[in-house]
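This report concerns only the one structure given below.
No value in this document is a laboratory result; all are computed from the given coordinates. Because the structure is a prediction, the values reported are computed rather than measured. Cβ placement follows ideal geometry from the backbone for every residue including glycine, while neighbour counts extend to all protein chains displayed.
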Amino acid sequence: MKKIYLDYAATSPVEPQVLKAMEPYFNRKFGNPNSVHSWGQEARSAMEQSRKQVADFFKAQTQEIIFLSGATEANNLAVKGAVQAWQKQNPGKTAHLIVSPIEHHCVLDTVLGLKNQGIKITWLKTDKYGLVDLKQIKNSIQKNTVLVSVIFGNNEVGTIQPILKIGEIIKNVKNKQGYPYFHTDAVQAVQYLKINVKLMAIDLFSASAHKFYGPKGVGFLFCKKGVSLNKQLQGGSQEHNLRAGTENVPGIIGLAKALELIKTNNFKESQRLKSLRDDFIEKITTTIPKAKLTGHSQKRLPHIASFVMPGAEGEAMLLHLDSKGIAASSGSACTSGKLEPSHVLLSMGVKPEAAHSSLRFSLGKNTNKRDLEYTGENLAKIVKTLRQMNPLYKA
Ligand SMILES: Cc1ncc(COP(=O)(O)O)c(C=O)c1O
């Protein structure tokens with residue numbers, strides 16, 4: 001059976017060149033980068049070279065790159081770490097956060113945990129495309145606002161936020177200690193959008209290597225010089241004393257190599273995917289009755305095409321697609337054995353029934369026109385069948 005992978009936003013295969021760069025650091029060059037002997041120094045030197053490559057890519061300084069296990073850890077460190085550091089500096093005062101409601105669960109749940117501890121939260125509104133309101137950000141900033149967190153490009157609906165403008169708003173109201181900080185989850189944006197931390201006035205951003213053809217279990221947090229964070233793991237003083245634990249050297253080498261590959265072929269690939277994505281969106285929304293694009297039609301990540309298909313349940317569509325060899329994803333999350341509609345779609349005003357019918361296709365290096373046509377044809381048949389089986393669906 002034909003196999004078509006359209007779930008690159010979930011994870012991507014490691015590039016052969018990345019694997020090759022990593023390989024020596026598993027065995028021949030296996031030293032612990034924190035050891036003083038030559039094995040250790042060999043590993044440290046390669047790791048620091050990688051750090052420089054990552055920093056240069058984002059116009060950052062080397063000491064501003066903290067390697068860790070991925071974006072989940074990076075976002076936890078950024079949000080919890082910033083709040084705890086602020087609390088130390090402001091004993092007895094209540095911290096305040098401004099957060100978009102369309103964050104990935106690793107930000108959302110971290111923020112909800114802080115809310116349970118008494119931290120005040122302002123949830124931003126989004127419009128029907130998932131865009132945040134710049135005026136609301138400006139008007140919500142208070143004396144005790146520690147951090148504003150807005151995802152760069154949304155993983156479910158692909159909407160890209162006005163990061164440059166948000167950075168400017170925050171930069172203009174910062175206090176002497178540099179608060180509020182601007183944090184953005186850039187996981188889905190790293191490989192397709194230019195991120196310039198200086199220009200965009202970003203204080204903290206997170207990334208995971210496996211989303212851009214690097215290995216799983218490694219990522220980094222950009223933490224601007226002068227930003228105060230409390231470390232979340234106790235132990236050694238690795239990573240500028242912000243992340244205890246021996247670094248994943250092969251992973252870090254792989255992450256830097258994967259970024260280097262983005263540098264060389266990104267623009268062309270980004271244009272190729274945009275064109276494929278738009279043709280696919282056009283096909284789906286014109287051939288499947290009531291199929292609706294979710295997210296913004298232009299301000300969207302090149303690799304994400306997301307829809308709702310009223311009358312057809314998301315998980316059922318996924319299973320049928322899988323039986324045809326096609327991998328996609330739905331926005332619903334399984335919580336306590338029950339499928340919950342996507343919080344992203346609900347925040348955008350999508351009705352819960354429609355949100356249950358969501359589907360995300362994410363494109364990548366092996367995606368081509370023929371495969372998308374095949375996917376579109378199969379999806380049309382699947383949706384038709386599921387709707388016929390649904391007594392509540394009215395055509
Ligand atoms: C936007 C976004 N943030 C954070 C994460 C978490 O990344 P990881 O699972 O690599 O920690 C993901 C993964 O899907 C994501 O898409």
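Pull up the stretch 62-71, narrow it to residues that are under 20 Å from the mean Cα position of the chain (by Cα) and not in a loop (DSSP other than H, G, I, E, B), then point me to the one that is nearest to the ligand (Cβ to nearest atom). Even if it seems obvious, please write down each step before you answer.
Going through the stretch 62-71, the residues under 20 Å from the mean Cα position of the chain (by Cα) turn out to be 64-71.
Restricting the remaining residues to those that are not in a loop (DSSP other than H, G, I, E, B) gives 64-68, 71.
On the way: 64: 20, 65: 16, 66: 14, 67: 13, 68: 9, 71: 4 Å.
If we take residues in the stretch 62-71 being under 20 Å from the mean Cα position of the chain (by Cα) and not in a loop (DSSP other than H, G, I, E, B), then 71 is nearest to the ligand (Cβ to nearest atom).
So is residue 384 surrounded by fewer than 20 Cβ atoms within 10 Å (Cβ to Cβ) and assigned to a loop (DSSP other than H, G, I, E, B) or not?
Working: surrounded by fewer than 20 Cβ atoms within 10 Å (Cβ to Cβ): yes; assigned to a loop (DSSP other than H, G, I, E, B): no.
No: the conditions fail for residue 384.
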(request) Check off (1) away from the ligand (no atom under 16 Å from the Cβ); (2) touching a Leu at 6+ places or on another chain (Cβ under 6 Å); (3) under 19 Å from residue 238 (Cβ atoms) for residue 74 and give me the number that stays unchecked. (result) (1)
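Let's see how each residue does on (1) out of contact with any strand residue (DSSP E or B) (no Cβ under 7 Å at 6 or more places or on another chain); (2) surrounded by 22 or more Cβ atoms within 10 Å (Cβ to Cβ):
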| residue | (1), (2) |
| --- | --- |
| 179 | no, yes |
| 190 | no, yes |
| 206 | no, yes |
| 209 | no, yes |
| 225 | yes, no |
| 233 | yes, no |
| 240 | no, no |
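So, in the stretch 136-165, of the ones that are over 27 Å from residue 360 (Cβ atoms) and either within 11 Å of the chain's Cα centre (by Cα) or touching a residue at least 60 places away in the same chain (Cβ under 8 Å) (or both), which residue ends up surrounded by the most Cβ atoms within 10 Å (Cβ to Cβ)? Before the answer, list the steps.
As a first pass, look at the stretch 136-165 and keep what is over 27 Å from residue 360 (Cβ atoms): 138-147.
Filter once more, so that each one left must be either within 11 Å of the chain's Cα centre (by Cα) or touching a residue at least 60 places away in the same chain (Cβ under 8 Å) (or both): 146-147.
Numbers: 146: 27, 147: 25.
Taking the candidates together, the pick is 146.
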(request) Being surrounded by fewer than 18 Cβ atoms within 10 Å (Cβ to Cβ) and not in a helix (DSSP H, G or I) narrows it down to one of 20, 59, so name that one. (result) 59
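Restricting the search to the stretch 174-200, which residues are in contact (Cβ under 8 Å) with a residue 60 or more places away in the chain and farther than 25 Å from residue 268 by Cβ?
Going through the stretch 174-200, the residues in contact (Cβ under 8 Å) with a residue 60 or more places away in the chain turn out to be 177, 179-181, 183, 185, 187-193, 195-199.
The answer is 177, 179, 180, 181, 183, 185, 198.
Among the listed residues 80, 115, 120, which satisfies the condition of being touching a residue at least 12 places away in the same chain (Cβ under 8 Å) and more than 16 Å from the ligand (Cβ to nearest atom)?
That would be 120, the only listed residue that is touching a residue at least 12 places away in the same chain (Cβ under 8 Å) and more than 16 Å from the ligand (Cβ to nearest atom).
With the structure loaded, tell me whether residue 4 is hydrophobic (A, V, I, L, M, F, W, C), within 22 Å of residue 186 (Cβ to Cβ), more than 15 Å from the ligand (Cβ to nearest atom) and crowded, with 17+ Cβ neighbours inside 10 Å or whether it fails that test. Steps first, answer last, please.
Numbers: hydrophobic (A, V, I, L, M, F, W, C): yes; within 22 Å of residue 186 (Cβ to Cβ): no; more than 15 Å from the ligand (Cβ to nearest atom): yes; crowded, with 17+ Cβ neighbours inside 10 Å: yes.
Taking the combined requirement at face value, the residue does not satisfy it.
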(message) Could you tell me how many of the residues in the stretch 355-381 are surrounded by 19 or more Cβ atoms within 10 Å (Cβ to Cβ) and closer than 15 Å to residue 310 by Cβ?
(response) 6
(request) Output the residues belonging to the stretch 191-232 that are closer than 29 Å to residue 272 by Cα and away from the ligand (no atom under 16 Å from the Cβ). (result) 194, 196, 197, 198, 199, 200
